[in-house]
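The values are calculated or read from the model by the stated rules, or taken from the named source; none is laboratory data. Model, not experiment: these values are computed from the prediction. Cβ sites come from the backbone with ideal geometry, for glycine too, and all protein chains shown count toward neighbours.
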Protein chains: 2
Amino acid sequence: MTLNITSLIQKNNTKIVLVVLDGLGGLPVNGKTELENANTPNMDRLARESACGLHLPVDYAITPGSGPGHLSLFGYDPVEFQIGRGILEALGLGVEVTKNDITLRCNYATIKDGIITDRRAGRIPTDKSRLITERLQSSIKSIGDVEVLFAPGMEHRFAVRLRFPNPVSTLHAMIDDTDPQKEGKAPLSPNPTTEEARPIAKVLEQLISAIASVIKDEDKANYILTRGVSSLPDIPPFYDRYGLKALAIATYPMYRGLARLVHMDTPTVEGSVQDEIDFLKKNYKDYDFFFLHVKKVDSYGEDGNFQGKSNRISEFDALLPQILELNPDVLMITGDHSTPALLKSHSWHPVPILLKSPYVLGGTCNAFSERECLKGELGIFHTIKLLPLALANSLRLKKFGA
Amino acid sequence: MTLNITSLIQKNNTKIVLVVLDGLGGLPVNGKTELENANTPNMDRLARESACGLHLPVDYAITPGSGPGHLSLFGYDPVEFQIGRGILEALGLGVEVTKNDITLRCNYATIKDGIITDRRAGRIPTDKSRLITERLQSSIKSIGDVEVLFAPGMEHRFAVRLRFPNPVSTLHAMIDDTDPQKEGKAPLSPNPTTEEARPIAKVLEQLISAIASVIKDEDKANYILTRGVSSLPDIPPFYDRYGLKALAIATYPMYRGLARLVHMDTPTVEGSVQDEIDFLKKNYKDYDFFFLHVKKVDSYGEDGNFQGKSNRISEFDALLPQILELNPDVLMITGDHSTPALLKSHSWHPVPILLKSPYVLGGTCNAFSERECLKGELGIFHTIKLLPLALANSLRLKKFGA
């Protein structure tokens, strides 16, 4: 049986900093991983005196998306709390999502005589797509009492948020995709698969038809296909669960969105990692927990750019002393998943972690790397145990049992 | 919560080879384990570039039988899917078992004036026992519409398969043993413990009485005791669960039987390990997944023959280059459990594993052994995670969540 951590929470004035180098874990190319290849004197020194290990965001063998990766870092079971595609798309485009909202991913498509001839409308340029989406927004503001928000995306993609007068649940969002997945077929209907979703599907039908009449004379983007209809998962707030007042510092909307799912404060931050660290310093006295997200490490991994990923890690290392100067009670440096340049994608490999606190063994690793972390005192463990470890190391967890 | 792997399966043309050196794990005698003592240059080299670790077939401290050991290697929870004793006995004797069958283990016994005087009929020689069992088969072909098959075993043991006109479930097999467990007592009745088992128990009573009248004049084997009445467990097929077309290559009927439980193809293979490898080569293009079973390692362990077990491991190592020539995308070499010669039996110790694929860290172990595998990137993990790891390493698992 699993213990309910919340019952053991005690508050104090400690500070916890979680640095997420997105996609940190890697695989060797010419014998070294990206992290082994990077110039990381500060993290190497920290690793020597920290608790190190490797963590599994979902489970052995499972490659996590960004959603599951971050939820587990925040201490939530990513299989229990699954985030719909539409929600993640909306979060990624910077759309605020509340309990009253249903979100969906949309594609512009080309239709002729009722048949989809191009599911991606010739991958129309982002600029062109944005203009069409803006035209939709100025023509369609609501369907009955449902407020409609259009969020432009890349190329043929955009997101829609439907805001209802009352809260909706996952049952309301059980609606089939209309994308037939193949050209040469008619678009499908947004069929509800629950009784609760029936009225929502009706709204969606009206929306699709309203959109079609606005864009019917477009050359390529004359129709839309919808996917991933979803509502917010019902996640207990981070503060209620862990007693930590939390600030998310992330320049990409998606990661602020993920933090907002668990009700962290998520002000807009722009600029470089240095700007993020400045933001951390400025707000340091006002929060207990800081999630600082460094995106570019993953981006270079996804591009298969080994040296680029390695350089981003080195750059972060050079900035690290500024965080250390704040002297947080617990500092964790890790990733939300691995993104080996070798695979050009997220992967299933466990993610290296160092946890600095006054209450660790230390002295088992010589550097911060996948292979050195194997010698660490944390072993290979499930990511969901990391937040409790941070709480323990900041003396925020009471004894269990007498 | 546990993720359903099946929802993430994607198919491709990769090949996965699982070599099971039965009972591989061992314990030191004069400082070295059987595996450390063996001459294994090929596996040592592989271990240096592979993902290594140790796996727990059931759990810490639990000594697995061959059934649980193999089921976990095949990715099935051995506590969820338990295999009845009668089924395992039948499989071990090469009996084909279908959904219409109930199987049981039997002992010849000596009865006098209704009292069991020897529960094993003086451990009559196997040859003698086989003759009696053949006589039973020629006298008893059916009980009503139930077809009866007798399978001769070692000494006083044999198995019986009852084939019914319709499928049976585990509820039909809930019937008590008739073995009183002590001499000087009357045999027990085959009592049904469910309503569904009542008619089956009736058949069993008639069978016992029919057998008794055939063998009543035998000197020692003049009665039988029955145990482990069981039906096939309801296991989802390997292909449905993992999308892998699988071939089992095993010379012992028991292991083909275990593979057949999960619907692998299980043609009869005879001869040496070299013959098994030839069979692998011949069928390599026709399957995705190959389970190659090497029995003798365990047999010598069970005999307490340390050097013999060690030699069997060395012999396999010498044949390994032939498997490497096939260049499988994922190659795993491990055991289904440990069988230390020191204990002359299966044991609870985790089992060394090496997993070769293009997507591993490697470089953490110097050889293939229990102690070197402790330094491996897989750590100590539950065997049931191994099949998912093979799928991940052959790029057959999609990302979980966006």
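Summary of values
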| item | result |
| --- | --- |
| Matching residues in segment A:206-217 - criterion: being within 12 Å of A:Leu136 (Cα to Cα) and not in a helix (DSSP H, G or I) | A:Lys216 |
| Check on B:Ser310, out of contact with any helix residue (DSSP H, G or I) (no Cβ under 9 Å at 6 or more places or on another chain), farther than 23 Å from B:Asp59 by Cβ, buried (at least 18 other Cβ atoms within 10 Å of the Cβ) and of a type outside the set (A, V, I, L, M, F, W, C) | no |
| Conditions (1) out of contact with any Ser or Thr (no Cβ under 9 Å at 6 or more places or on another chain); (2) modelled with pLDDT of 95 or more: number failed by A:Pro64 | (1) |
| From the options B:Ala402, B:Ala341, B:Ala367, residue that is under 30 Å from A:Gly67 (Cα atoms), part of a loop (DSSP other than H, G, I, E, B) and touching a helix residue (DSSP H, G or I) at 6+ places or on another chain (Cβ under 7 Å) | B:Ala402 |
| Qualifying helices (runs of 4 or more DSSP H) (wholly inside segment B:1-102; at least 2 residues being closer than 30 Å to B:Asn366 by Cβ, in contact (Cβ under 8 Å) with a residue 12 or more places away in the chain and charged (D, E, K, R)) | B:34-37, B:41-49 |
| Residues of segment A:170-205 satisfying the condition of being hydroxyl-bearing (Ser, Thr, Tyr), assigned to a loop (DSSP other than H, G, I, E, B), in contact with a Leu (Cβ under 9 Å, 6 or more places away or on another chain) and more than 15 Å from A:Ile224 (Cβ to Cβ) | A:Thr194 |
| Number of the exception - A:Asp77 against (1) under 26 Å from the mean Cα position of the chain (by Cα); (2) surrounded by fewer than 21 Cβ atoms within 10 Å (Cβ to Cβ); (3) on the phi > 0 side of the Ramachandran plot | (3) |
| Test: residue in segment A:43-58 that is in contact with a strand residue (DSSP E or B) (Cβ under 8 Å, 6 or more places away or on another chain), of a type outside the set (Gly, Ala, Ser) and under 30 Å from A:Asp176 (Cα atoms) | yes |
| Residue in segment B:316-324 that is without any contact (Cβ under 8 Å) to a residue 12 or more places away in the chain, surrounded by fewer than 20 Cβ atoms within 10 Å (Cβ to Cβ) and in a helix (DSSP H, G or I) present | no |
| Residue among B:Thr110, B:Thr103, B:Thr117 that alone is over 25 Å from the mean Cα position of the chain (by Cα), among the polar types (S, T, N, Q) and either crowded, with 18+ Cβ neighbours inside 10 Å or within 18 Å of B:Pro190 (Cβ to Cβ) (or both) | B:Thr110 |
| Which numbered condition B:Gly53 misses (of (1) of a type outside the set (D, E, K, R); (2) away from chain A (no Cβ under 14 Å); (3) surrounded by 24 or more Cβ atoms within 10 Å (Cβ to Cβ)) | (2) |
| Output for segment B:363-374, where each listed residue is at the interface with chain A (Cβ under 7 Å from one of its Cβ atoms) and not hydroxyl-bearing (Ser, Thr, Tyr) | B:Gly363 |
| A:Val168 being touching a Gly at 6+ places or on another chain (Cβ under 6 Å) and closer than 23 Å to A:Gln82 by Cα | no |
| First in segment A:376-399 and touching a residue at least 60 places away in the same chain (Cβ under 8 Å) and within 14 Å of another protein chain (Cβ to nearest Cβ), second anywhere and assigned to a strand (DSSP E or B) and among the aromatic types (Phe, Trp, Tyr), Cβ under 9 Å, 6 or more apart | A:Ile380/B:Phe381 |
| Top-ranked residue in segment B:121-165 [being under 26 Å from the mean Cα position of the chain (by Cα) and in a loop (DSSP other than H, G, I, E, B); ranked as modelled with the highest pLDDT] | B:Phe164 |
| Residues that are among the hydrophobic types (A, V, I, L, M, F, W, C) and over 15 Å from B:Leu343 (Cα atoms), drawn from segment B:17-34 | B:Val17, B:Leu18, B:Val19, B:Val20, B:Leu21 |
| Filter result for B:Asp22 (under 25 Å from A:Lys375 (Cβ atoms), modelled with pLDDT of 95 or more and among the acidic types (Asp, Glu)) | no |
| Matching option when the condition is more than 14 Å from chain A (Cβ to nearest Cβ) and either more than 23 Å from the chain's Cα centre (by Cα) or of a type in the set (Asp, Glu) (or both), among B:Pro352, B:Pro358, B:Pro321, B:Pro340 | B:Pro321 |
| Elements of type helices (runs of 4 or more DSSP H) contained in segment B:227-290, each with 3 or more residues being within 23 Å of B:Leu8 (Cβ to Cβ) and in the same structural domain as B:Ala197 (by TED's automatic domain parsing) | none |
